[in-house]
Amino acid sequence: MKNEGKFDVIIIGGSYAGLSAAMALGRSLRKVLIIDGGKPCNRQTPHSHNFITHDGETPANISKKAKVQVLNYPTVNCITDHVLQVEGENNDFTIRTQSGGFYQGAKLIFATGMKDDFPAIPGFSDCWGISVLHCPYCHGYEVRHEKIAIISNGSDAFEMVKLISNWSPKLTLITNGSSTLSEDQALKLQELAILVIEKEIKEITHENGYVKDIVFSDNSSHETVAIFARPKISQHDTLPQQLSCELTESGLIKVDDFQRTTVAGVYAAGDCASLFRSVSSAVAAGNKAGALVNKELIDEYFWRN
């Protein structure tokens, strides 16, 4: 296996957090390698919102412009590949990729995002990011005052209904089976005239990703403009665990306020380390990670020489 080079920092994941970290490091004269698989979680989303100067742009266009700007810094390189193995320790990490690449880095940044584990409902994944939505701050304004369905159950459902009610009063909670709302929660929704449907979902009908109806197991249906749901999430792979990075109860990479993981020399930024999944927050976390990795390299240099 050919050694492809040594880097100050290797960033695994080249979407918003990874590119933001790379820019901070490139501007700090660091030799950086970004390794990205090219499949961001919001690739189906037609427009990105709630990110100043980029409101309403396509996610792909934001990434494209960011990558061009980041690669203007001559010490930053980016390849399309998939990392299979990570090993080593602080100041001596090695990366092996699907294409046979072998890279060495002093520091690592995980910016790998998270994988959405969709429910087995036909039509759900086709509409994800288009009309099946997870974040009202990113997409609520576009469906304000419209008929909105929420697919959830129990206390999580109650909290989601409460949140989404800020954007529209025309809400229906679909529990996809028997409700597990508490008696107080059910009474409160009844007071607010919010319909609760306990039928199991058969499919979501749509046109090019835009929801038309939610069809139930008894073949009845409910018309809606948008659906809010929060599917389970998981890490894309076991790379953090290969280095013994600790995960939180939610399955995120555990980081401190400086984006440091529980393993020396390893940082994480973006969705893989935060439940607040938005472009702007990923960019902010990546920028912080890049700056603090650079500070760590500076501190080590001063005490070593």
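The table below lists the values:
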quantity	calculated
D_trans [Stokes-Einstein, Kirkwood Rh over alpha-carbon pairs] for segment 144-277, 25 °C, 0.890 mPa s, µm² s⁻¹	143
Cβ-Cβ FRET estimate between Thr80 and Thr238, R0 fixed at 25 Å, reported to 0.05	0.75
Aspartates and glutamates whose Cα lies under 12 Å from that of Lys147, excluding same-chain neighbours fewer than 8 positions away	Asp213, Glu223
Value of [θ]222 nm, deg cm²/dmol, for the chain, DSSP H segments ≥ 4, -39500 (n - 2.57) each, nearest 500	-8000 deg cm²/dmol
Rg ratio (alpha-carbon, reference 2.2 N^0.38 Å) - segment 101-140	1.86
Rough spin-label spacing in nm, given labels placed 7 Å along Cα→Cβ, for Ala264 and Arg96	2.5
Order by protection proxy (mean Cβ within 10 Å, highest first), peptides 129-135, 187-193	129-135, 187-193
Difference of contour (0.36 nm per residue) and Cα-Cα distance, Ile52 to Phe276	79.0 nm
Using distinct alpha-carbon pairs, which all enter the 1/r mean, Kirkwood radius of the chain in Å	20.8
Relative packing of peptides 177-184, 104-111, 5-12, 158-165 - highest average C-beta neighbours within 10 Å first	104-111, 5-12, 158-165, 177-184
P(r) histogram, all alpha-carbon pairs of segment 60-119 included - 5 Å bins from 0, percent	4, 13, 17, 21, 22, 15, 6, 2, 0
Acute angle (nearest 10 degrees) that the helix 16-26 long axis makes with the longest principal axis of the chain, alpha-carbon atoms	20
Partners for Lys288 among aspartates and glutamates (Cα-Cα distance below 16 Å; same-chain residues under 8 apart left out)	Asp256, Asp257, Asp271, Glu296
Packing rank of 82-92, 194-204, where each peptide gets the mean count of other beta carbons within 10 Å, highest leading	194-204, 82-92
Full-stretch length increase - Glu146, Leu195 - with 0.36 nm per residue and alpha-carbon distance subtracted	16.2 nm
Theoretical FRET efficiency, 1/(1+(r/R0)^6), r = Cβ-Cβ of Glu207 and Trp303, R0 45 Å, to 0.05	0.15
Reach of Lys232 by Cα under 16 Å, taken over lysines that are not fewer than 8 positions away in the same chain	Lys115
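Rule-based calculations on the coordinates, nothing more; no lab input. The structure presented is a predicted model; accordingly, all values stated were derived computationally and were not measured. Neighbour counts run over all protein chains shown; Cβ positions are idealised from the backbone, glycine included.
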